[in-house]
1. Rounded to two decimals, what is Rg over Rh for the stretch 79-142 when you use alpha-carbon atoms and the Kirkwood radius?
2. I need the calculated FRET efficiency for the pair residue 20 and residue 59, taking r as the beta carbon distance and R₀ as 22 Å, to the nearest 0.05.
3. So for the pair residue 70, residue 118, with labels modelled 7 Å out along Cα→Cβ, what separation do we get in nm?
4. To the nearest 0.05, how large is the calculated FRET efficiency for residue 83 and residue 109 if R₀ is 35 Å and r is the Cβ-Cβ distance?
5. Taking Cα atoms, how many degrees apart are the long axis of helix 149-164 and the longest axis of the chain, rounded to 10 and kept between 0 and 90?
6. As I understand it, the value is the acute angle between the Cα axis of helix 279-288 and the longest principal axis of the Cα atoms of the chain; what does it come to in degrees, rounded to 10?
7. Take the Cα atoms of the chain, find their three principal axes, and give me the spread along each one in whole Å, biggest first.
8. Order the peptides 65-72, 278-285 from the highest to the lowest mean number of other Cβ atoms within 10 Å of their residues.
Ligand SMILES: Nc1ncnc2c1ncn2[C@@H]1O[C@H](COP(=O)(O)OP(=O)(O)OP(=O)(O)O)[C@@H](O)[C@H]1O
Ligand SMILES: [Mg+2]
Ligand SMILES: [Zn+2]
């Protein structure tokens with residue numbers, strides 16, 4: 001009982017002395033727990049104001065039942081938090097086949113498809129992307145089709161989301177470009193414009209397939225503005241592309257006449273070459289075999 005009484009003391013309220021025999025003798029009788037019908041005992045505390053030990057309780061439910069209730073409450077709170085986190089991740093808007101990846105899964109999956117030098121090269125890219133941590137300006141993943149750029153981008157975004165609660169926004173540039181090229185007032189067009197316009201409100205901007213093809217004026221403008229704003233506010237960005245910086249500069253030329261945006265990108269990015277065999281081809285040929 002003594003040990004239990006001491007264990008319940010707050011550190012700042014550590015009693016200057018042990019309880020006197022009279023204080024100990026004042027222990028109230030055990031009660032009956034309303035939950036389990038077992039004994040509910042009183043606890044001794046030190047009253048820092050009155051400078052004496054005294055008993056509290058027994059409480060309506062015993063310590064064990066009260067711990068169980070607390071555990072349930074905590075579990076409920078954690079479950080709620082998890083659901084909230086999923087909602088936030090869903091808000092990033094990754095397509096399902098990309099959004100499911102994380103670094104560990106990619107590492108494991110790569111070994112089912114790649115071997116030797118090809119595997120080693122991909123692993124090197126994986127390593128650099130994994131250690132990026134969103135601190136060094138933009139992360140640019142460059143390479144030919146199907147080498148896993150978008151999947152690595154999704155994994156990097158998920159790591160920041162999980163570890164630092166950074167809210168990503170996924171911007172599939174060709175799709176958005178297509179929507180912005182639509183004539184008339186289409187809801188898709190409005191949605192695309194809204195998505196790009198509000199992108200800098202997110203904590204991490206993921207431009208997928210920037211500069212694959214010629215961009216419409218509106219798309220150039222919005223992408224240019226979003227990148228410039230993210231740079232100004234020091235927000236991390238991930239860009240996947242099969243274009244060189246020079247080609248990217250050309251795509252954004254209309255709204256970045258003096259190449260400031262692309263210059264800054266060039267100066268402050270981590271560039272990773274994601275080359276080698278295309279996962280897409282490997283899957284196709286091996287799937288067919
Ligand atoms: N490490 C990996 N292991 C196994 N499969 C992978 C891996 N990375 C990506 N994939 C799969 O390979 C396919 C191509 O990947 P992804 O879309 O990321 O490539 P990409 O370089 O972005 O291609 P694109 O240039 O066409 O956009 C996808 O189906 C993806 O799920
Ligand atoms: Mg891609
Ligand atoms: Zn009980």
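1. Details: Rg = 14.8 Å, Rh = 14.0 Å.
Ratio of gyration radius to Kirkwood radius: 1.05.
2. Values: r = 24 Å, r/R0 = 1.10.
The value I calculate is 0.35.
3. Taking the simple label geometry, residue 70 and residue 118 are separated by 5.6 nm.
4. On the way: r = 27 Å, r/R0 = 0.77.
Efficiency for this residue pair is about 0.85.
5. 30 degrees
6. 90 degrees
7. 88, 47, 38
8. Values: 65-72: 12.4, 278-285: 14.1.
By packing density, highest mean first, the sequence is 278-285, 65-72.
Quick note: the coordinates plus some simple rules give every number you see, no bench work behind them. This is a predicted model, so every value here is computed, not measured. Methodologically, a virtual Cβ is constructed for each residue, glycine included, from the backbone with ideal geometry; neighbour enumeration extends over all protein chains shown.
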